[in-house]
Amino acid sequence: MKVLFIKPSSLGDVLHSFPSLALLRQNQPEAIVDWLIHPAFAPLLKYQGIRRAIPFDRKALGNPLSFIPSFLGLWHELREEDYDLVLDLQGLFRSAFFARAARSKRVAGFASPRESMAKLFYRESYQVEAKYEHAVERNLALTAAALKIPFSIPEITMAPVEEYAKNVAILLQRHGVGNESACIGIAPGARWDSKRWPPDFFASVIDELSGISPEPCFLLLGAPSDRPLAEAIRQKVRKAKVFSLAGETGTGELVELTRRCSLLITNDSGPMHVAAALKTPLLALFGPTAPDRTGPFGDGKQSVFAPESLRCAPCLKKSCPQGTLLCQRAFIPSDIAEAARGLMFLKNG
């Protein structure tokens, strides 16, 4: 059986699709799987043994100068194989269009996709029951329906990839972080302004945790766009050893850095889902988004903070509609630090 998964982005969304891949392989162990994915997230597929990553370069497709060669190249790659099933887990107009472009008699997607026009391109659509609220569960429900098998939640594994692990070892050595050092990861970035807690908040949490024994070092993780935020945090920390690695890693190295950490403190962002997949102890901060829908999934050691007393949360808005960012003032750094202490040494426990 040959299957094409359509899930180009984002980091968390791709990880949310891995249980669906595990469900497929649980029932079709010999299945050959290709994946349409943004190049930035393609390293994740090395953790799942995908045969072929088909690059979906949205930037090139959006540039008038490169659109035609990029579109034709993608079209050619999608038409190279005859697939027994094409599964669009993205639910957008463009993802459904490219799903239909692939050579397959079975192109499946959600009956109620994120963009309603996506349904025009599906040969099969499946309604997901309301009881499946989390994104992982919704993906699994669609996958089970398309495969005509019972719904279940399989375990996923992400064994270390030597290439990325070596890169991380070199990176940490360059920053003077020893192999035996206890590390706490801090992922302060997020695509939405409303999901980013301010530098003062993270600096205060770090200082509150600086007295843990053995004394940990703190690794600030993130994309190149997170460098100013990470540097602002580093400058505000008064006591602890802090290293800013924002922008110094690819996706594969981010996975191995997260594996290296004894704890990750994070907003609702991609690194949170990496930690959940690896079962790295995790403390996640939620405000405008809903943990029940997009929170860390799995049975790892997790602590999720969400403002329970605010009527406006979750607002699901990229910017605070009231202009007050009340949810970012709902948590006290000392409370976050106390919860972190309880999780700190659970990774090997």
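The values are calculated or read from the model by the stated rules, or taken from the named source; none is laboratory data. As the structure is a prediction and not an experimental result, all values here were calculated from the model. Positions of Cβ are backbone-derived with ideal geometry, glycine not excepted, and every protein chain shown enters the neighbour counts.
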Take the range 303-347 and flag every residue that is β-branched (Val, Ile, Thr) and at pLDDT below 85. THR324
Any residue that is of a type in the set (A, V, I, L, M), without any contact (Cβ under 8 Å) to a residue 40 or more places away in the chain and surrounded by 23 or more Cβ atoms within 10 Å (Cβ to Cβ) - is there at least one of those in the range 2-19? yes
Look through the range 37-68, keep the residues that are farther than 14 Å from LEU4 by Cβ and charged (D, E, K, R), and return whichever of them is nearest to the chain's Cα centre (by Cα). LYS46
Looking only at the range 55-68, count every residue that is hydrophobic (A, V, I, L, M, F, W, C), surrounded by 15 or more Cβ atoms within 10 Å (Cβ to Cβ) and either assigned to a loop (DSSP other than H, G, I, E, B) or outside the structural domain of SER20 (by TED's automatic domain parsing) (or both) and tell me the total. 1
When you go through ASP207, ASP226 one by one, which is the residue that is in contact (Cβ under 8 Å) with a residue 24 or more places away in the chain, outside any loop (DSSP other than H, G, I, E, B) and within 20 Å of the chain's Cα centre (by Cα)? ASP226
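Has the range 126-147 got any residue that is under 27 Å from GLY211 (Cα atoms) and either small (Gly, Ala, Ser) or at pLDDT 95 or above (or both)?
no
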Would you list the helices (runs of 4 or more DSSP H) that sit entirely within the range 69-179 and hold 2 or more residues that are closer than 24 Å to THR251 by Cβ and more than 26 Å from the chain's Cα centre (by Cα)? 162-174
Scan of the range 306-334 for residues that are surrounded by fewer than 17 Cβ atoms within 10 Å (Cβ to Cβ) and either touching a residue at least 24 places away in the same chain (Cβ under 8 Å) or at positive phi (or both), ordered by number: LEU316, LYS317, LYS318, SER319, GLY323, SER334
Expected single match for over 26 Å from ALA313 (Cα atoms), buried (at least 22 other Cβ atoms within 10 Å of the Cβ) and not β-branched (Val, Ile, Thr) among LEU221, LEU171 is LEU221
